[in-house]
Amino acid sequence: MKIEFNGGTEGEAPLTWGQRLMWRAVHLMGDSQNYLNCPFVFPVYGRRDLTQVLDALRVLIERHETLRTTFSDAGQHILREGVLEIDLVEAGPERGLKVAGRVAGELAHTVFDHGAEWPLRCAVVVKDGRPFALACVFTHLAVDYHALALLAEEWKALLKGAALPPVAWQPRDQAGLEASDAWQARSARSIAYWRDVLADAPLEVFDHPPGEPEDPRFIEVTMDSPALAVAATRLSNRLAVSSTSVIMAACAGVLGEVSARSRVVMQLVHNNRRDARTRGMVGTVGQDALIVLDLRERDFPEFCRTTHRAALQAYRNAHYDPFAMTAMREKAGGHDLDAFFNDRRAAPGWPALPPEADLSVARTRTYTENAWPGVRFKVFFTVGTDPGTGRLSLIADTAYLPRTTAEQMLRSVEARLVGSV
């Protein structure tokens, strides 16, 4: 199947700062850049036919320039019109949403040709003769997880037949804003903040040299823990801080233990949506924030509050020209900042957490599904988007963190949270 679209606008612009960050990652990861792909499932609400589903998708592509954009070193190239090929997948006896999730994951295995391919691939999953879900994968150059949440809301409205307001802000508008004197000054302030932080930061993540790596060397260990979600929610409510900060504090503490550091430096993946114009923009504006945490604070609830305050300051200084930032970091001594934290949830909480979920760790499970030969992170914590469980994953360089150590770190994060409620 295919849909033809005509968005009515076209043009070229530099990459946004967020896109520049992703463009650099694309080249660094090589054949493993599919790690950056964003699989996503749009359920079909109500009894809609195939034409209605395809029309809703067409409207989304026409509304948002990023969904009809190709990318290159020269910048972003927005095309006015085109054709998107769409697969049709029969769910058979399986649950439609389960099939859609699997299909989206399979679509995400293939690397995008960013200069020649549309930034999304889609398949309609049908069951008993009617569309059940739209399974998609997007390149991270085109969307972040906040953008996916915006698309999900518009998708729901379109299937209901609602009329959507015009899009007020597009990525090329953002690129123009970032070139302005005001935003160049903002970039300079953020870079100055990073420079001050790095002046008192350890040069290396770990206080020990690498050992013999396992095969594969770079792995992703995941933990599904309803207890983590319950504990983080209760602590967040009690301390009046975000659940993101609570989980981040636990991850930082565990990292400090295994790295033999009393001060931990982490990069925080931040969506940079504080500006009202970007809050409703479908695109990629996220950048890394920098945080340094002193682990000598022994009271974990108080450490959560400290982490929250430090994170807010880090987020305020996460708008910068990546080229200028790279130049400053090289001049500052080339610090190893290869420890990351990312909360991919579009909204706080776990709305589908079973009502009977409690602090018991009996239902916790850890597993390893992915190996990424080109993803060369030493430590990368990610809070997953599953609304029904506390999902925390850790990409680890096994030369520093063997698989068993990575699993123990995830369990230690859970134990810190559960033990502090």
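The values are calculated or read from the model by the stated rules, or taken from the named source; none is laboratory data. The shown structure was predicted, so the numbers you read here are calculated from the model rather than taken from an experiment. Heads up, the Cβs are rebuilt from the backbone with ideal geometry, glycines too, and the neighbour counts pull from every protein chain shown. To get the accessible areas, we keep the full protein, side chains included, count just its heavy atoms, and leave off ligands, DNA and RNA. Shrake-Rupley method; radii C 1.70, N 1.55, O 1.52, S 1.80 Å.
Can you list the residues of the stretch 126-152 with backbone N under 11 Å from a point 7 Å past the Cα of ILE3, pointing along Cα to Cβ? In the stretch 126-152, the label zone of ILE3 (backbone N under 11 Å from the point 7 Å along Cα→Cβ) covers 134-135.
Between ALA240 and SER360, what FRET efficiency follows from the Cβ-Cβ distance if R0 is 25 Å, with the result rounded to 0.05? Plugging the Cβ-Cβ distance into 1/(1 + (r/R0)^6) gives 0.45.
Here the relative contact order of the stretch 96-247, from alpha carbon pairs under 8 Å that lie six or more residues apart, stands at 12 percent.
When both bridge partners sit in the stretch 253-407, DSSP labels roughly 60% of those beta bridges antiparallel. To the nearest 10 degrees, how steeply does helix 226-239 sit against the main Cα axis of the chain, on a 0 to 90 scale? The helix 226-239 is inclined about 70 degrees to the chain. Of the residues HIS319, ILE3, SER360, the one whose Cα sits farthest toward the positive end of the charge dipole of the chain, with +1 on the Cβ of Lys and Arg and -1 on the Cβ of Asp and Glu, is SER360. Accessible area of ASP87 (1.4 Å probe, protein heavy atoms only, ligands and nucleic acids ignored): about 90 Å².
Projecting the Cα positions of ALA108, ALA56, GLY92 onto the charge dipole of the stretch 3-135 (unit charges on Cβ atoms of Lys, Arg, Asp and Glu, taken about the Cα centre) puts GLY92 furthest along the positive direction. With respect to the chain, whose longest principal axis is taken over its alpha-carbon atoms, helix 300-316 is tilted by about 50°.
Is it possible to state the helix-based mean residue ellipticity at 222 nm for the chain, with each DSSP H run of 4+ residues giving -39500 (n - 2.57), the sum divided by total residues, to the nearest 500 deg cm²/dmol? What is it? Spell out each step's value before the answer.
On the way: 12 runs with 160 residues, N = 421.
That comes out to -12000 deg cm²/dmol.
Taking every protein chain into account, the 1.4 Å probe leaves LEU268 with about 0 Å² of accessible area, to the nearest ten.
How high is the relative contact order of the chain? Use alpha-carbon pairs under 8 Å, at least six apart in sequence, and give a whole percent. The partial results should precede the final answer.
Numbers: 826 pairs, mean separation 90.7, N = 421.
Relative contact order, the chain: 22 percent.
Backbone phi angles across the stretch 204-210, fed through the Karplus curve with coefficients 6.51, -1.76 and 1.60 (θ = phi - 60°), yield HN-Hα couplings of 10, 5, 10, 9, 8, x, x Hz in residue order; Gly and Pro are listed as x.
Amide H to amide H distances under 5 Å link PHE132 with VAL125, VAL126, LYS127, where only residues 5 or more positions off or on other chains count and H is placed in the peptide plane.
Within the listed set GLU94, GLU214, GLU204, the Gaussian network model of the chain (springs between alpha-carbon atoms below 10 Å) gives the highest mean-square fluctuation for GLU94. Taking Cα centre as origin and charging only the Cβ of basic (Lys, Arg, +1) and acidic (Asp, Glu, -1) residues, the dipole magnitude of the stretch 315-358 rounds to 260 debye.
Report the antiparallel proportion of the DSSP beta bridges in the stretch 89-219 as a percent, rounded to a multiple of 5.
Numbers: 8 of 10 bridges.
The antiparallel fraction comes to roughly 80 percent.
Rounded to the nearest 10 degrees, the inclination of helix 403-419 to the longest alpha-carbon principal axis of the chain is 80 degrees.
Comparing VAL83, VAL41, VAL111 in a Gaussian network model of the chain (Cα springs below 10 Å), the most mobile by mean-square fluctuation is VAL83. Normalised per residue, the accessible area of the chain is 43 Å², obtained with a 1.4 Å probe and no contribution from ligands, DNA or RNA.
Figure the gain on full extension for ASN370 and ALA116 (residue separation times 0.36 nm, minus the Cα-Cα span) and round it to one decimal in nm.
Working: separation 254, 0.36 × 254 = 91.44 nm, distance 2.75 nm.
Gain on stretching ASN370 to ALA116: 88.7 nm.
Here each label is just a point 7 Å from Cα along the line to Cβ, and for ALA260 and GLU153 those points are 4.9 nm apart. If I compute Rg and Dmax of the Cα atoms in Å from the structure I just sent, which labelled value in [x] 21.6, 63; [y] 23.6, 75; [z] 25.3, 84 lines up? Looking at Rg and Dmax of the Cα atoms in Å for this model, the match is [x]. Taking every alpha-carbon pair under 8 Å whose residues sit at least 6 apart, the stretch 48-145 reaches a relative contact order of 31 percent. Springs join every pair of Cα atoms under 10 Å in this Gaussian network model of the chain, and among ALA13, ALA116, ALA135 the largest mean-square fluctuation is at ALA116.
Rounded to the nearest 20 Debye, what is the dipole magnitude of the chain about its Cα centre when Lys and Arg each give +1 and Asp and Glu each give -1 at the C-beta? All intermediate terms of the calculation are to be shown ahead of the outcome.
On the way: 47 positive and 52 negative charges, 243 e Å.
That gives the chain a dipole magnitude of about 1160 debye.
Reported to the nearest whole Å, the Cα centre-to-centre distance from the stretch 149-182 to the stretch 183-261 is 31.
When DSSP beta bridges are limited to those with both residues in the chain, what percentage is antiparallel, rounded to the nearest 5? Intermediate values should be presented prior to the final figure.
Working: 53 of 66 bridges.
Within the chain, antiparallel bridges account for around 80 percent of the total.
Placing +1 on the Cβ of every Lys and Arg and -1 on the Cβ of every Asp and Glu, with no other charges, gives the stretch 207-325 a dipole of roughly 800 debye about its Cα centre. Accessible surface comparison of GLU212, GLU297, GLU220, GLU153, probe 1.4 Å, protein chains only, largest first: the order is GLU212, GLU153, GLU297, GLU220.
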